Amino acid sequence: MSAGLRPPHLRWAPISLVFLGGAAGAASSEGLTLLIPNLGEVPVAIPIINVVGAFLLGYLYEAVTRLGSAPTGKNLKLLLGTGFCGGFTTYSSLATDTAVLFRDGLPWAALIYAFGTVLVGACATWAGIAVASAINGPGRRNDGGKEAAA
């Protein structure tokens, strides 16, 4: 199969962008995990990382959507969205930490930990979209005036 016929997810350039972004995101996440101390028996680094990642992804979604389908926009989505934010956020660790809290006899802490992180993360995503929209202003799209398909 020639490179021209390969679908985008099998081409080296997009794979490399995701790889580089994911490596930077995972390294950043690990660094923050080592820096942020637990709050008693509750590990708070993972929820903080996931909420920050949710905000960044919301911001990125809105900002890059304004670039339209230009190659720059696609590359930024791969590098920062799929790569960095995908490597940075860690919902599997959130699930593991929740299970450990249950195991350690802290069911209320586990429930608040899990559901609180998801709820605050959803709000953070919305806030990221709102901030990017406010910074860029309405109608400052760079896709020839075309609206995104619903």
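Structural remarks
- Accessible carbon and sulfur surface of the chain relative to its total accessible area, %, 1.4 Å: 71
- Going by accessible surface with a 1.4 Å probe and the largest first, ASP97, ASP104 read ASP104, ASP97.
- List TYR113, TYR59, TYR91, ordered by accessible area with a 1.4 Å probe, largest first: TYR91, TYR59, TYR113
- Helix-only [θ]222 nm of the chain, DSSP H runs n ≥ 4, -39500 (n - 2.57) each, per residue, nearest 500: -21500 deg cm²/dmol
- Helix 91-103 and the longest principal axis of the C-alpha atoms of the chain enclose an angle of approximately 10°.
- For the chain, the solvent-accessible area with a 1.4 angstrom probe is 61 square angstrom per residue.
- Accessible surface ranking for ILE49, ILE15, 1.4 angstrom probe, highest first: ILE15, ILE49.
- Against the main long axis of the alpha-carbon atoms of the chain, helix 12-35 sits at an angle near 30°.
- Computed over the alpha carbons of the stretch 1-143, Rg followed by Dmax gives 17.8, 57 Å.
- Probe 1.4 Å - accessible area at SER93, Å² to nearest ten: 40
- Rounded to the nearest 10 Å², the accessible area of LEU56 at probe 1.4 Å: 70
The values are calculated or read from the model by the stated rules, or taken from the named source; none is laboratory data. All of these numbers come straight from a predicted model, not from anything done at the bench. For the accessible areas, the whole protein counts, side chains as well, though only heavy atoms, and no ligand, DNA or RNA atoms are used. Shrake-Rupley method; radii C 1.70, N 1.55, O 1.52, S 1.80 Å.
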